[in-house]
1. Starting from the Cα-Cα distance between Glu25 and Phe62, subtract it from 0.36 nm times their residue separation and give me the gain in nm to one decimal.
2. What is the extension gain from Asp157 to Ser52, computed as 0.36 nm multiplied by their sequence separation minus the C-alpha to C-alpha distance, in nm to one decimal?
3. Which residue, Leu149, Leu31, Leu40, has the most motion in a Gaussian network model of the chain that connects Cα atoms within less than 10 Å?
4. Run the accessible area of the stretch 56-136 with a 1.4 Å probe and give the carbon-and-sulfur part as a rounded percent.
5. With the chain treated as a Gaussian network of Cα nodes joined by springs under 10 Å, which of Asn71, Asn44, Asn98 yields the largest mean-square fluctuation?
6. Can you count the Lys pairs in the chain whose Cα atoms are under 19 Å apart, with each pair 8 or more apart or on different chains?
7. Which whole-Hz couplings ³J(HN,Hα) result when phi for each residue of the stretch 74-84 is put into the Karplus expression 6.51 cos²θ - 1.76 cosθ + 1.60, θ = phi - 60°, listed in order with x for Gly and Pro?
8. Note down the accessible area of Lys122, probe 1.4 Å, to the nearest 10 Å².
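The values are calculated or read from the model by the stated rules, or taken from the named source; none is laboratory data. Please read these numbers as outputs of a predicted model, since none were measured by experiment. So basically every Cβ, Gly included, is an ideal-geometry build from the backbone, and we count neighbours across all protein chains shown. Ligands, DNA and RNA are stripped out before the accessible areas are found, and what is left, the full protein with its side chains, is counted by its heavy atoms. Shrake-Rupley method; radii C 1.70, N 1.55, O 1.52, S 1.80 Å.
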Amino acid sequence: MKNSKIVLLILISLFILSGISCEKEIVPGTLEVFVKADGLRKGNVKVNLYRSEAGRTQDSLFLSEITPSSNFETVGAKFSNLSSQVYYMQVNFSDGLNIFEGSGQIYVPVNVTTTFEIACTKEPTGNLQVFVRKDLPSGVYMGGITVYLYATEAERDSSENHLQASNTSDINPSGSGAVFSYLPFARYYLRSNFISGSKDYEGKADLLVPINTTTSYHLVCTPK
C-alpha cells in the first residue's frame with residue numbers, strides 16, 4: 001500500500017512537471033512598419049512610435065526606427081521587444097519636392113511579428129518668390145542676390161540654420177525673383193545683404209506663406 005502511494009506521488013509530480021514544461025514561452029512582440037506615398041513604399045524614412053495618442057500629440061517619443069535604404073518594398077522599419085498594447089505612429093518626410101505626412105495605430109500582441117503600412121499624403125504647401133529692391137519699395141531691382149529663408153526670427157537675426165537659399169535672376173531681376181517652393185503654411189523670415197557703391201546693404205522681413213498659391217514679396221534692402 002505504501003509503495004502504491006509513492007508511485008502515485010511520482011506520477012503526479014511527473015504530470016505537474018510535464019505541464020510546466022509545455023507552457024509556451026512568452027516572447028515580446030515585434031512591429032514592422034512600411035511607409036507608402038504616391039502609391040510606392042519608401043526607404044530611408046523615420047517612423048516615430050508612441051505609447052499613447054496623447055504621447056503622439058505631445059511628441060513624447062518612445063522609439064524611432066528607419067525604413068531600410070534597400071529592399072524597403074519587403075522589409076520595413078522594425079521595432080522589437082514590445083509589450084502587448086496599442087502603439088501609435090507618426091511619419092513626416094520630404095522627397096525633395098513634396099512634404100508627406102501619415103499616422104496610424106495598431107495593437108501589437110506578444111509572440112508574433114505584426115506588420116502595418118502607413119499611407120502618407122502630401123502636406124498642402126505654397127510657393128514664395130522674393131524680389132530684392134534697393135533703398136525703396138519702388139527702388140531698382142537687384143539681380144544675382146542671395147535671399148535666405150529662416151524658420152524663426154532668432155535664426156534669421158543670428159544668420160544661422162537657414163531653411164533654404166535662392167538667388168534673384170541676373171538676367172531679369174524684375175521678372176524672376178528668388179524662388180522657394182513647397183513651403184508648408186507658416187510664418188517665414190527673410191534676410192538678404194549685398195554691397196553696392198561701397199555700401200553694405202541689408203534687408204529683413206517676415207511673412208505668412210499660404211498654401212496652394214505663389215506669393216510674391218518685394219524685400220527692400222537699405223544701407224546698414
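1. Details: separation 37, 0.36 × 37 = 13.32 nm, distance 2.56 nm.
Once the chain is fully extended between Glu25 and Phe62, it gains 10.8 nm.
2. On the way: separation 105, 0.36 × 105 = 37.80 nm, distance 3.80 nm.
Length gained, Asp157 through Ser52: 34.0 nm.
3. Leu40
4. Numbers: 2030 of 4330 Å².
Percent of accessible area from carbon and sulfur atoms in the stretch 56-136: 47.
5. Asn71
6. 12
7. 10, 10, x, 6, 10, 10, 10, 6, 9, 6, 6
8. Approximately 110 Å² of Lys122 is accessible to the 1.4 Å probe.
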